[in-house]
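Data first, discussion second: the structure below is written as structure tokens.
The values are calculated or read from the model by the stated rules, or taken from the named source; none is laboratory data. Please read these numbers as outputs of a predicted model, since none were measured by experiment. Every residue, glycine among them, receives a Cβ derived from its backbone with ideal geometry; neighbour counts consider all protein chains shown.
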Amino acid sequence: MRTLLITLALFIVLAAGAVWLIKFPPTSLMTTSDDKKSQTYVPDPEAYAVTVAEIKAHRQQLADEYQQARTEEDRQKVIESARSLLDLTMPFLMRCWLGTPWDFNGTATEPGGGKIACGYFVSTIMRDAGFNVQRISLAQQPSQNIILTFLPRSKLHIKTATKYSDYMDIVRRKNHGIYIIGLDKHVGFLIYNDHGLQFMHSGGVLKKVVCETQQEAYAIEHSNYRVIGNLTANDQLIKKWLSNKPFPTHR
């Protein structure tokens, strides 16, 4: 059942994203900054809605399986399946937003449905990935509080006044997963997997939702303060996600 769930999720993401992938293949995400300035990303609310619904359905199926598990080994297998599902589907949700305009006061609830601020981009993705959060209050918190909503302080990695290349070397030595990264006055996601690091956020030079490589991540490079937390590597977080327990906003 677990393998079937993840296979179905992969099929759903690929089917929903077929048009997006044709227009913007993965290699386009690794282009230079000058190339990106000439590209036009089209938000995809239809694929987004399909994926949100399927994540919800699969979360419930995995939750039922977790409740029915008789051994700790079986429960851990369900957690691993849930982790794989989130690692696969959350980046796709983010990509559906590419091209959506940024605004400091933006509160859009779907890709292309208006403008969106960096905090609202993070809180909306978390909500629509199935995390039981208070979207508005979460979006309005300082970046460290956003991360502390999901992870204990011991799981945060904070650095200040660190050379950018040295900092990214530190990040690359960490586990793969979906990270939230907080900066001086900004917040976004870091996706770290076999394809490398991608910074997904709303704002930056282009003032829209973008996906940037290490060479393009101006906001990270020029921030004195950097804090990250790996969401999908944390078993306790995944257990709360499975059971749909609330994540009260940390203040």
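At-a-glance table
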read-out	value
Residue count for the stretch 208-234, restricted to those that are part of a loop (DSSP other than H, G, I, E, B) and either out of contact with any Ser or Thr (no Cβ under 7 Å at 6 or more places or on another chain) or under 14 Å from S143 (Cβ atoms) (or both)	11
Qualifying residue in the stretch 151-161 (condition: at pLDDT 95 or above, under 24 Å from A47 (Cα atoms) and either among the basic types (K, R) or outside any helix (DSSP H, G or I) (or both))	no
Within the stretch 36-79, tally of residues that are in contact (Cβ under 8 Å) with a residue 40 or more places away in the chain and not polar (S, T, N, Q)	23
Lone qualifier among A63, A69 - being touching a helix residue (DSSP H, G or I) at 6+ places or on another chain (Cβ under 8 Å), small (G, A, S), surrounded by fewer than 16 Cβ atoms within 10 Å (Cβ to Cβ) and closer than 23 Å to N234 by Cα	A69
Subset tally (residues that are over 14 Å from F104 (Cα atoms) and either of a type outside the set (G, A, S) or touching a Cys at 6+ places or on another chain (Cβ under 9 Å) (or both)) for the stretch 205-218	8
Count of residues meeting criterion [touching a residue at least 60 places away in the same chain (Cβ under 8 Å) and surrounded by fewer than 19 Cβ atoms within 10 Å (Cβ to Cβ)] in the stretch 113-150	6
Unique residue being in a helix (DSSP H, G or I), at pLDDT below 75 and in contact with a Leu (Cβ under 6 Å, 6 or more places away or on another chain) when the list is A15, A63, A9	A9
Only listed residue being within 22 Å of T149 (Cβ to Cβ) and surrounded by fewer than 14 Cβ atoms within 10 Å (Cβ to Cβ), chosen from N234, N193, N230, N175	N175
